[in-house]
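Notes follow once the structure below has been shown.
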Amino acid sequence: MMHYPKPPEENLTTLVEFVLLGFADAPRLRWFLFGLFFAIYMIILLGNGTILIITKVDPNLHTPMYYFLGNFSFLEICYVSTTLPRMLLNLATQRRNISLVACAAQMCFVLILGATECFLLAVMAYDRHVAICQPLHYPLLMNPKVCTQLVTGSWISGIPFQIGQTIQIFSVTFCGSNQINHFFCDIPPILGLACGEILVNEMMVYLGAMLFLFVPFLLILVSYSKIISTILKLPSATSRAKAFSTCSSHLAVVGLFFGSSIITYLRPKSDHSAEMDKVFSLFYTILTPMFNPIIYTLRNKDVILALKKLFCK
Ligand SMILES: *[C@@H]1O[C@H](CO)[C@@H](O)[C@H](O)[C@H]1NC(C)=O
């Protein structure tokens with residue numbers, strides 16, 4: 001019979017739950033933060049819900065661009081609903097415990113929907129690239145079948161990797177503290193609680209960030225640099241201005257989302273401070289979904305027209 005050495009008992013406590021501290025370090029701001037985030041959540045639901053409805057009901061908006069935008073708004077509603085309701089509940093009840101399973105499920109959904117968001121933003125950039133640089137081929141290249149495939153591909157291609165990533169992260173040993181100084185179960189704060197070897201996990205995080213953040217971001221930059229060089233060759237100043245205004249609003253969403261998430265996931269571990277992590281996460285989890293409908297509707301004549309039709313019937 002073989003005798004295996006027993007593991008040291010002291011440090012190994014079996015964790016069954018975490019504590020999501022959220023904004024516990026600012027107790028006096030509790031109801032202010034609750035009101036603020038509740039209002040933001042309502043704005044996100046209303047704004048993105050409105051885009052979703054008008055892109056479905058208005059026949060003038062039955063084009064690939066608005067099909068992608070409608071699906072993107074739907075995604076934003078799903079994405080923000082993985083973190084914000086839980087955060088509101090924590091603020092209101094001050095019961096901050098979260099089971100390991102719930103924490104893993106939250107992380108998994110955030111990662112999968114985050115990957116979808118990156119791919120959809122790349123698809124939307126590609127759509128504009130074809131529309132502006134190859135307008136004659138646009139109806140052929142962006143036919144309904146291709147559009148559906150691009151959207152479906154964006155939704156499902158992140159799933160296997162992100163499930164694997166979540167399982168890998170939750171199979172590390174946690175010891176000592178179970179307090180997560182963050183408002184949702186994101187990778188950096190959870191890995192911060194691990195003890196023992198996490199090199200494999202860190203490599204996975206980098207690989208994931210490369211595949212789902214860096215590659216789509218590069219594709220978007222390539223699409224937009226081609227778009228901008230085409231726009232600069234346009235003969236009339238008004239069409240140049242119109243094309244520029246559409247593109248700059250897309251680029252604003254892209255910059256906000258990719259900037260903050262690349263900083264979070266591609267930064268070396270030694271640079272992580274809990275407070276900065278919280279601030280950057282707010283950008284990609286909550287502020288992008290809020291600004292998206294504002295940016296797309298306030299600067300877009302077609303959308304404004306569709307809104308008028310919807311509400312002035
Ligand atoms: C967005 O696309 C996905 C994948 O094709 C689909 O499951 C979902 O229902 C779509 N949502 C809307 C609102 O069109």
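The values are calculated or read from the model by the stated rules, or taken from the named source; none is laboratory data. None of these values were measured; they are calculated from a predicted model. FYI the Cβ positions are ideal-geometry reconstructions off the backbone, even for glycines, and counts take in every protein chain you see. Remember, those area values only see protein heavy atoms, side chains included, never the ligands or the DNA or RNA. Shrake-Rupley method; radii C 1.70, N 1.55, O 1.52, S 1.80 Å.
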With Cα coordinates, the longest principal axis of the chain makes an angle with the long axis of helix 237-265, in degrees rounded to 10, of 10 degrees
Once Met42 and Cys78 are pulled to full extension, the length gained, defined as 0.36 nm per residue separation minus their Cα-Cα distance, is 11.6 nm
Heavy-atom accessible area per residue of the chain, all protein chains kept, 1.4 Å probe, expressed in Å², is 51 Å²
Full extension between Lys301 and Leu199 adds, at 0.36 nm per residue less the Cα distance, a length in nm of 31.7 nm
Carbon plus sulfur, as percent of the 1.4 Å-probe accessible area of segment 167-243, comes to 71 percent
Mean separation of Cα contacts under 8 Å (at least 6 apart) over the residue count of the chain, i.e. the relative contact order in percent, is 25 percent
Rh (Kirkwood, all Cα-Cα pairs) for segment 15-312, Å, reads 20.5 Å
Helix 288-298 sits off the longest principal axis of the Cα atoms of the chain, rounded to the nearest 10 on a 0 to 90 degree scale, by 10 degrees
In degrees, nearest 10, the alpha-carbon axis of helix 215-233 is tilted away from the dominant principal axis of the alpha carbons of the chain by 20 degrees
Per-residue accessible area, 1.4 Å probe, largest first, puts Met142, Met42 in the order Met42, Met142
Counting only backbone N atoms under 16 Å from a point 7 Å out along Cα-to-Cβ of Thr230, the residues of segment 240-259 in range are 240-248, 250-251
With +1 on the Cβ of every Lys and Arg and -1 on the Cβ of every Asp and Glu, the dipole magnitude of the chain about its Cα centre, in debye rounded to the nearest 20, is 1320 debye
Partner lysines whose C-alpha sits under 20 Å from that of Lys145, ignoring same-chain residues fewer than 8 away, are Lys56
Per the rule of 0.36 nm per residue minus the C-alpha distance, extending Val222 to Val146 adds in nm 25.3 nm
